[in-house]
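Step one of this worksheet: look at the structure below.
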Amino acid sequence: MKRPDDRLLPVLLICAQAAVWPGAALVRGAVPPAPALLLAALAAGVVTAALALRRVRPVVTLVVVAAACALGAGPLPAGATAVLGTAGVALALFTVAARRDAFTAVLCVVALAGWQLLYGLSLHGLRDRDGLDLVLTSVLYAAASGAGLLARRARRARKAAEALLRRAESERLRLPAVERRRMERELHDVSAHHLTAVVVTAGAALGLRDRRPELGREALEFAVGTGREVTRALGAVWAPAPSREETPSPEERLLDLVAGFRRLDQRVDCEIDPLPDGTLADAAYGIVREALTNVARHAPGADTSVRVRYGDTRTDVVVTSTAPPAGAAAHGAGLGGGRGQGFLRSRAREAGGTLTTGPTAAGGWEVHAVLPGRTAAPAERSVPRSHRLAQLTAATGLAVQPLLPVLVIRAEEVPAGGRVSAGVLFALLVAAQAVALLWLRRAPRAAQVVLCGLALLWPVAMAAGDYAGPVLLPLALSLPATCAALAADAAGRVAGPPAGDEHPRRSLPSLPSLSSLPALPLAAVAVHTAAATAAVLDRGTTVPAWAVAAGTAAAASLAAGAAHRAGTLRGRRDRAARSTRDERLAAWTEQAVRDAWAERRRIAAGLETTVLSRTAGMVAEAEAGRLDATAERAREALAAMRALLDTVREGETGPELRPQPTLQALDLLAHQLRATGRDVAIRLTGRVPERLPTAVDLAAYHAAETMLAAVGEQPAVLELDADEDTLTLTATGVPRAVGPGARERLATRVSALGGTLTTGPRDTVRLRLPLTAAPDDEERER
């Protein structure tokens, strides 16, 4: 989206100022003096130059523009800097709010309004109209700053959406390659750990057959158990479950891994800190497993230490081994495929860390990985408190600067009255409205109630302060705040709640839910009509009361209707943009999962015809008690695994070989969603069967894909459970999945199998699918 070119705005302001003065004076035939024209030209030149740099130095621009207009307003006639002093300052404030944080914007508004008030007090003393002038100035400045804050929020949301789409597109192209590397790495780990252990154990037993015949029996038993474990592990490689109940913790998995190597007569000491589940734990486990396998292969009998230290800023995974004992036979030497070091580094890199390997001073070997720690997640940049203090000091100094001449020049004494100025009361009401607007996003109900209550206080302030100016001017000043609330309410109704809102809406339970009522615009019109009618009747008029009420109601209705219409249009635009983004994300996620699933099936096909068959032969030989043949079959299985790994990258799956994903592809779906910044957890209970009817399997996956496609930035959980004849999918944290579009798609899939769809409680969708499917349905799904 291209940014509109607004570089001509300062020039347009100069032209408008020239038309007001001296243009209007020249039209009347009054020629301004040359010094005045020169001073006006100098002030206009400074303002134009400063506004041209407003995007780079917005706060400095605001100070320069305000100072130039104030210095020019003293000697110049009225109106000579009217446009520059209003529109120019408003443009500078808009830029500050759009380019800086909200604290800086509010501080600039308060400091500028206070500076202008004190500047007038230093020149003319306290007058009755100063409060009203401050109100008008504050409304102008607040409107400019509010527009800037909205522009800043919209720009940040647009950039975040664009970044999310770019990330999703890159992940769409990357997921098949990631899945290929994952399977390659897992196949290597399984073969290196399990099959190498069989070769090492069988080789040691063969070498000591005469002296220790019991080692042969133990090696055969170990080969049988390990072969079955290989079959199970390889099945889990090509069909991993996203999450199941009662899975061991990362610490328990590492301790079990160390215990397994100790059973191979490896001397291993360990110090392992508890780790959180996820990428970090998986990377640490893979690194430790590969390092211990290399020790068992190349340095059997060496003393090995495993240290896993989980800290605030980093996680250290260190595996150190000494030199192997003299005379130790390395039965596993030469069995590797040369990929271990690369896989170690890839594991560390994908977890966001680094890895180094090398010899130690004592002649051993060390593997040291540095992974992220507890606070490794990127955090938003915070402003130091010293910077905020400097901002407050500078703003206070600039605001009180107009009072310095009072120390030298004695101001004219103004008699003090016993009443409070109406302008002061108006200023307090405007300040209260500003505070309510600032809380509109966090607590909309309370903010709406407060704004309606403040609207009724304006006639009271007019009467208490003996206001004698235009009767409808103060009431018109209260209307913009209510219109802003109406626009925000309409936009929220049409667009829906923003996903992952960093400021979740809260409300007081005792307050009425105005935002849930469709008559909020009518309530606002009634409140302002009552306030305006009371003010007019209190002032006194010959117009009938019903005519006054009708006129004020018509004016309030026009303003409220315009605000409601503007909010509705904005909500439709936001909803359309979000819908387009969600559709693109869903399409890219679907394509990425299908491509990765096809890649997984391609590799699994080669796995079933090579490694698994030779592993089964190894188990058969071990059960028959043939130790030599068992070792040979284990070597053949390792060779077959190396050949399979060499061909993993060869050949691309054609378009005719794109199988439909099933529930076994849920881990790919979760990976793609997490890679695009969405917090998704998928849990499978132990009651979900490994094999489901085809129709149920396909329908369940597509339903899960539809529900999780409606996830925003808030955490979402998909849980799968089953009983004797029903598969249940429960998704929580998916507010848009309960909408009519997603609900209709889900109902279509569920009804085709005779299932049920329910929603509720809030943001929850539950599907129940029967585990029995008609043959015709299965054939159709195939």
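The values are calculated or read from the model by the stated rules, or taken from the named source; none is laboratory data. Since we're looking at a predicted model, the values are computed, not measured. Here Cβ is always computed from backbone atoms with ideal geometry, including for glycine, and neighbour counts include all displayed protein chains. Quick note on the areas: whole protein, heavy atoms, side chains included, nothing else; ligands and nucleic acids left out. Shrake-Rupley method; radii C 1.70, N 1.55, O 1.52, S 1.80 Å.
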Six or more apart or on different chains, Cβ under 7 Å: which pairs go from a residue in the range 662-682 that's modelled with pLDDT of 80 or more to one that's in a loop (DSSP other than H, G, I, E, B) and of a type in the set (Val, Ile, Thr)? Could you list them? Val680/Val711
Restricting to the range 217-236, name every residue that is crowded, with 18+ Cβ neighbours inside 10 Å and either free of Cβ contacts under 8 Å to residues at least 12 places away in the same chain or more than 30 Å from Ile603 (Cβ to Cβ) (or both). Ala219, Leu220
What are the residues in the range 227-241 that are at pLDDT below 80 and in a helix (DSSP H, G or I), if any? Glu229, Val230, Thr231, Arg232, Ala233, Leu234, Gly235, Ala236, Val237, Trp238
Is it the case that Arg565 is over 23 Å from Asp489 (Cα atoms), in a helix (DSSP H, G or I) and basic (Lys, Arg)? no
Does the range 529-561 hold any residues that are open to solvent by 60 Å² or more (accessible area, probe 1.4 Å) and either in contact (Cβ under 8 Å) with a residue 40 or more places away in the chain or at positive phi (or both), and which are they? Asp538, Arg539
For the range 269-321, what are the residues that are more than 36 Å from the chain's Cα centre (by Cα) and part of a helix (DSSP H, G or I)? Ala291, Leu292, Thr293, Asn294, Val295, Ala296, Arg297, His298
Filter the range 242-259 down to residues that are outside any helix (DSSP H, G or I) and open to solvent by 50 Å² or more (accessible area, probe 1.4 Å) and give me whichever is modelled with the highest pLDDT. Pro248
State whether one or more residues within the range 306-329 are aliphatic (A, V, I, L, M), at pLDDT below 85, closer than 29 Å to Glu636 by Cβ and buried (at least 16 other Cβ atoms within 10 Å of the Cβ). no
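Can you tell me which residue is nearest to Leu486 (Cα to Cα) among those in the range 430-456 that are part of a loop (DSSP other than H, G, I, E, B), open to solvent by 30 Å² or more (accessible area, probe 1.4 Å) and touching a residue at least 40 places away in the same chain (Cβ under 8 Å)? Write out each step before concluding.
Start the filter on the range 430-456 by keeping residues that are part of a loop (DSSP other than H, G, I, E, B), which leaves 439-443, 456.
Filter again for open to solvent by 30 Å² or more (accessible area, probe 1.4 Å), leaving 439, 441-442, 456.
Keeping just the survivors that are touching a residue at least 40 places away in the same chain (Cβ under 8 Å) gives 441-442, 456.
Details: Arg441: 12, Arg442: 15, Leu456: 17 Å.
Among residues in the range 430-456 that are part of a loop (DSSP other than H, G, I, E, B), open to solvent by 30 Å² or more (accessible area, probe 1.4 Å) and touching a residue at least 40 places away in the same chain (Cβ under 8 Å), the one nearest to Leu486 (Cα to Cα) is Arg441.
For residues that are open to solvent by 50 Å² or more (accessible area, probe 1.4 Å) and either over 22 Å from the mean Cα position of the chain (by Cα) or over 30 Å from Leu234 (Cβ atoms) (or both), tally how many sit in the range 588-619.
Keep residues of the range 588-619 that are open to solvent by 50 Å² or more (accessible area, probe 1.4 Å), which gives 590-591, 601-602, 605, 608-609, 613-614, 616.
With either over 22 Å from the mean Cα position of the chain (by Cα) or over 30 Å from Leu234 (Cβ atoms) (or both) added as a condition, the list becomes 591, 601-602, 605, 608-609, 613-614, 616.
Residues meeting the conditions: 9.
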Please count how many residues of the range 157-208 are at pLDDT below 70, of a type in the set (Gly, Ala, Ser) and over 19 Å from Asp582 (Cα atoms). 2
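Condition check ((1) over 20 Å from Trp588 (Cβ atoms); (2) open to solvent by less than 30 Å² (accessible area, probe 1.4 Å); (3) over 24 Å from the mean Cα position of the chain (by Cα)) across all residues:
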| position | (1), (2), (3) |
| --- | --- |
| Tyr701 | no, yes, yes |
| Ala716 | no, yes, no |
| Asp723 | yes, no, yes |
| Gly733 | yes, yes, no |
| Arg736 | no, no, no |
| Arg743 | yes, no, yes |
| Arg749 | yes, no, yes |
| Ala752 | yes, no, yes |
| Thr759 | yes, no, yes |
Scan the range 352-366 for residues that are open to solvent by less than 40 Å² (accessible area, probe 1.4 Å), assigned to a strand (DSSP E or B) and over 27 Å from Ala326 (Cα atoms) and report the count. 1
